[in-house]
Amino acid sequence: MPQPFAPVAANVLNNVEKVIVGKREVARFMFATLLAGGHVLLDDVPGTGKTMMARAFATSMRCAFRRIQFTPDLLPSDILGVNIYNQKTSEFEFKPGPIFASIVLADEINRASPKVQSSLLECMEEGQVTVDGVVHKLPDIFFVVATENPVEREGTYPLPESEKDRFMIRLKMGYPSPSEERGMMDMHRRGHPILGILPVETPENIVRLREELASVAMDDTVKQFIVNLVNATRESKDLALGASPRATLALFKLSRALAGLSGRNYVLPDDVKQLAVPVLAHRVLMDPVAQMNGLAPEAVVESLLEKVPVPIP
């Protein structure tokens with residue numbers, strides 16, 4: 001059994017909870033995504049703690065953190081970096097952009113132009129940046145946390161399907177309960193709690209855990225369950241476009257990470273069921289008629305979960 005997973009997860013999640021109250025399940029899914037080598041799209045209204053969640057993770061794991069505020073006038077070079085001519089050496093030198101950090105917060109990603117949004121595709125998929133034909137490697141831990149506001153659409157550019165598909169999971173923070181909101185006031189009475197937390201893990205430890213994910217087994221029946229579930233999105237009459245093969249791999253990798261965080265060296269069908277909606281819903285396109293009838297992608301995926309046979313362990 002992969003014993004290191006559970007204590008490392010507890011260390012990180014407990015530390016994050018010193019800053020973000022009542023969102024342990026969101027933090028758990030985020031940490032699983034980090035271990036699985038994916039990226040997160042946080043889709044929620046302002047003020048729910050999206051930025052602080054990313055900062056708390058970076059601090060907890062002693063990772064370099066950079067925040068990029070996406071605006072309409074942002075250029076790809078503002079993110080990726082640029083070659084600058086050095087008069088002393090008579091050579092061009094590469095000046096890395098803010099994307100060269102372990103945890104990158106892409107704040108309000110849908111406010112930048114499609115050209116800027118697409119500049120992240122190579123980074124997120126291949127862990128590298130190409131500038132003027134030269135490839136620059138990103139850090140071993142490279143985790144993009146992008147945020148967007150689902151309510152305010154003025155001055156925004158919808159994320160293209162190719163970019164949404166690069167995000168392994170889409171999560172919503174949600175409002176805290178009244179008791180949690182009361183606790184927030186107590187936490188902030190002497191200043192922001194993010195200033196008081198210390199690292200509890202190291203990047204080297206996180207990389208080691210990623211490598212140990214290979215020891216988490218998945219039965220063939222569970223693999224087939226994932227394939228059947230993704231294929232069901234492609235055959236649904238309520239969807240104009242189903243999930244891609246990248247979604248199949250996302251469910252496979254994330255399910256193993258979630259099993260490891262639960263202290264198991266094997267994946268259960270329940271791991272897949274927990275992840276189905278946040279992994280699949282943002283990757284599908286609704287049929288216009290179904291959309292007019294008020295159906296949401298999340299509801300469609302939930303209905304498919306009820307129809308696709310679940311393997312018995």
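The values are calculated or read from the model by the stated rules, or taken from the named source; none is laboratory data. These numbers come from a predicted model, not from an experiment. Neighbour counts are summed over all protein chains in view; Cβ atoms, including those assigned to glycine, are modelled from backbone coordinates with ideal geometry.
The table below lists the values:
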| quantity | calculated |
| --- | --- |
| Filtered residue count, segment 8-25, keeping only those that are over 15 Å from LYS50 (Cβ atoms) and in a loop (DSSP other than H, G, I, E, B) | 2 |
| Flag for ARG166 being surrounded by 13 or more Cβ atoms within 10 Å (Cβ to Cβ), over 20 Å from LEU304 (Cα atoms) and at pLDDT 90 or above | yes |
| Residues of segment 260-313 satisfying the condition of being among the small types (Gly, Ala, Ser) and either within 20 Å of ARG166 (Cα to Cα) or surrounded by 22 or more Cβ atoms within 10 Å (Cβ to Cβ) (or both) | GLY260, ALA276, ALA281 |
| Helices (runs of 4 or more DSSP H) wholly inside segment 256-313 containing at least 3 residues that are in contact (Cβ under 8 Å) with a residue 40 or more places away in the chain | 269-280, 297-307 |
| The lone exception for LYS237 - which of (1) assigned to a helix (DSSP H, G or I); (2) farther than 30 Å from ALA10 by Cβ; (3) not hydrophobic (A, V, I, L, M, F, W, C) it fails | (1) |
| Number of the exception - ALA250 against (1) part of a helix (DSSP H, G or I); (2) out of contact with any Gly (no Cβ under 8 Å at 6 or more places or on another chain); (3) among the small types (Gly, Ala, Ser) | (2) |
| Residue that is surrounded by the fewest Cβ atoms within 10 Å (Cβ to Cβ) [pool: residues in segment 26-65 that are at pLDDT 95 or above and assigned to a strand (DSSP E or B)] | PHE65 |
| Which numbered condition GLN87 fails, given (1) over 21 Å from the mean Cα position of the chain (by Cα); (2) modelled with pLDDT of 90 or more | (2) |
| Hey, SER179 under 25 Å from VAL8 (Cβ atoms) and polar (S, T, N, Q) or not | no |
